[in-house]
Amino acid sequence: YADIMACPVDSFVMNSFKDTERYLKRFKESYEALSSYVSIWEVGNEINGTEWIKQSPELIVDKISAVVSFLKSKDEKIALTLYCTDSPRKDMIAWAEKYISAELANSVDYCFVSYYEDDNDGYLPDWESLFKELGEIFPSSLLGIGECGNTAENATVESKIEMAKRYYLMPK
């Protein structure tokens, strides 16, 4: 038995949905087609990745809030993913504190972190502190790593195995 999570809009295509109405329409259509299979809806993927989303944080949050209202009216579970980076100016905790309202945060059932070591020059966050801070922002959410990986062309099998062990052996 497993839960199925749907991500109707990935972060790399979020900017093709220029306004809240189009974003919400995508989720309504996805819900109509997939609701009998999906138990968790990812309403926003790597939402603080504004350099590739290329939209204002306010618009991103407005889109997510509209989808959350729709899905919560259907009694659905909500997931939200933030992108973790080594750059202080892109700090996901500061971003979430600034842009995510308490009402939205309390509507999120699962808060996930997306993290790619090779995008961050091997920087490893202090996961215990990071998840503690996320828990304070998203007090009603289960927390976890939603994506992690190694996409570098020069990554070796050994480095990928080492990375997999690091994340799969993290304490629960």
Do any GluC sites (Glu not before Pro) in the stretch 120-170 lie in a loop, going by DSSP, with at most 16 other beta-carbon atoms within 10 Å of their beta carbon, and if so which? GLU153
Can you tell me the mean projection area, over all orientations, of the convex hull of the stretch 17-119's alpha carbons? Units nm², please. 6.8 nm²
Could you check how much of the accessible area of the chain is carbon and sulfur, as a whole percent, using a 1.4 Å probe? 51 percent
So what's the angle, to the nearest 10 degrees on a 0 to 90 scale, between helix 127-137 and the longest Cα principal axis of the chain? 20 degrees
May I ask for the Rg/Rh ratio of the stretch 16-56, computed from Cα atoms with Rh as the Kirkwood radius, given to two decimals? 1.03
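Select from the stretch 1-57 those chymotrypsin sites (Phe, Trp or Tyr not before Pro) which occupy a DSSP coil region and have at most 12 other Cβ atoms within 10 Å, ordered by residue number. Mind showing how you got there, number by number?
On the way: sites: TYR1, PHE12, PHE17, TYR23, PHE27, TYR31, TYR37, TRP41, TRP52; in loops: TYR1, PHE17, TYR37.
Sites meeting the loop and neighbour criteria: TYR1, TYR37.
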How long are the three semi-axes of the equivalent ellipsoid for the stretch 110-165, computed from the Cα gyration tensor as the root of 5 times each eigenvalue, in whole Å, largest first? 26, 11, 9
Can you tell me the relative contact order of the chain? Whole percent, Cα pairs under 8 Å, sequence separation 6 or more. 19 percent
Under-19-angstrom lysine pairs by C-alpha in the chain, whenever the two are 8 or more apart or on separate chains: 22
Mind checking which of VAL13, VAL108, VAL61 has the largest fluctuation in a GNM of the chain, springs on alpha carbons under 10 Å? VAL13
Among ASN120, ASN48, ASN15, determine the one that fluctuates most according to a GNM of the chain built with springs between C-alpha atoms less than 10 Å apart. ASN120
When the chain is treated as a GNM, springs tying every alpha-carbon pair under 10 Å, which of ALA79, ALA96, ALA33 comes out with the largest mean-square fluctuation? ALA33
Where only protein heavy atoms count, and the probe is 1.4 Å, what is the accessible area per residue for the stretch 50-172 in Å²? 57 Å²
Hydrodynamic radius by Kirkwood, which averages 1/r over all alpha carbon pairs of the chain, in angstrom: 16.8 Å
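The values are calculated or read from the model by the stated rules, or taken from the named source; none is laboratory data. Keep in mind it's a predicted model, so treat the numbers as computed, not measured. Please note: Cβ atoms are built from the backbone with ideal geometry, for glycine as well, and neighbour counts cover all protein chains shown. Quick note on the areas: whole protein, heavy atoms, side chains included, nothing else; ligands and nucleic acids left out. Shrake-Rupley method; radii C 1.70, N 1.55, O 1.52, S 1.80 Å.
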